[in-house]
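Notes follow once the structure below has been shown.
Just so you know, all these numbers are worked out from the coordinates, no wet-lab data involved. Computed from a predicted model, the values in this text were never measured in an experiment. FYI the Cβ positions are ideal-geometry reconstructions off the backbone, even for glycines, and counts take in every protein chain you see.
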């Protein structure tokens with residue numbers, strides 16, 4: 001079956017670094033996405049990993065280990081506007097555009 | 001380039017009614033996927049349309065249906081509404097030709113069933 005796990009909530013301080021983990025179990029892995037969703041808004045694309053390793057994009061980085069079924073999103077130099085829900089989503093082989101989402105991690109950034 | 005648009009943004013219906021939601025993808029995108037988002041279940045996949053054909057379907061009852069037009073715009077219909085159908089309905093578009101395509105989400109339609 002399919003299972004994607006993320007922590008429900010996290011709190012961090014402005015200017016700090018936070019790591020949001022995601023573990024997954026799927027039938028045939030074909031890529032992992034991270035989205036950010038502010039309350040009342042649409043999810044916005046942050047990153048995509050299909051090969052093992054780290055993808056860096058400004059203050060945001062995402063890491064993937066396919067053998068461990070594990071990914072993390074790293075946010076550096078946290079800002080208040082980073083307070084949002086972070087969604088991990090997996091795509092499987094032969095499933096077209098279908099994404100399987102985790103429940104999301106609600107990140108609160110405190111001053 | 002304009003993003004994904006969804007209409008209406010808000011809807012209030014009563015049990016037993018039916019509803020149609022609309023999604024216009026990003027220009028050039030041929031795939032449209034629909035998701036239901038609730039506090040308890042998170043984001044759940046409903047179905048995907050590509051070139052006017054349903055390419056994939058999630059585990060929702062037959063009351064949920066959709067279609068895609070030749071201009072890639074998509075509609076989703078829910079018949080015989082139930083209280084549990086209250087949710088944010090999101091559509092996402094992508095180019096659709098590759099499994100690495102990124103999906104871009106619209107703002108959603110907030111459906112409330114009374």
Of those in region B:94-114 that are more than 7 Å from every other protein chain (Cβ to nearest Cβ) and under 22 Å from residue B:11 (Cα atoms), the residue surrounded by the fewest Cβ atoms within 10 Å (Cβ to Cβ) is B:114
Do you know which residues across region B:16-33 are buried (at least 23 other Cβ atoms within 10 Å of the Cβ) and more than 25 Å from residue A:88 (Cα to Cα)?
-> none
Quick check, is residue B:36 within 14 Å of chain A (Cβ to nearest Cβ), free of Cβ contacts under 8 Å to residues at least 24 places away in the same chain and either in a strand (DSSP E or B) or under 19 Å from residue A:89 (Cα atoms) (or both)?
-> no
For residue B:66, are the conditions met, namely being part of a strand (DSSP E or B), more than 9 Å from chain A (Cβ to nearest Cβ), out of contact with any helix residue (DSSP H, G or I) (no Cβ under 8 Å at 6 or more places or on another chain) and closer than 26 Å to residue B:12 by Cβ?
-> yes
Being in contact with a strand residue (DSSP E or B) (Cβ under 8 Å, 6 or more places away or on another chain) and either buried (at least 16 other Cβ atoms within 10 Å of the Cβ) or within 16 Å of residue A:76 (Cβ to Cβ) (or both) is the filter here, so list the residues in region A:1-20 that pass it.
-> A:4, A:6, A:10, A:12, A:13, A:14, A:17, A:18, A:19, A:20
Cβ-Cβ below 7 Å, separation at least six or inter-chain, first residue in region A:85-96 and at positive phi, second assigned to a strand (DSSP E or B): which pairs?
-> A:96/B:48; A:96/B:50; A:96/B:55; A:96/B:56
Which is within 10 Å of the chain's Cα centre (by Cα), within 14 Å of chain A (Cβ to nearest Cβ) and part of a strand (DSSP E or B), of B:43, B:88?
-> B:88
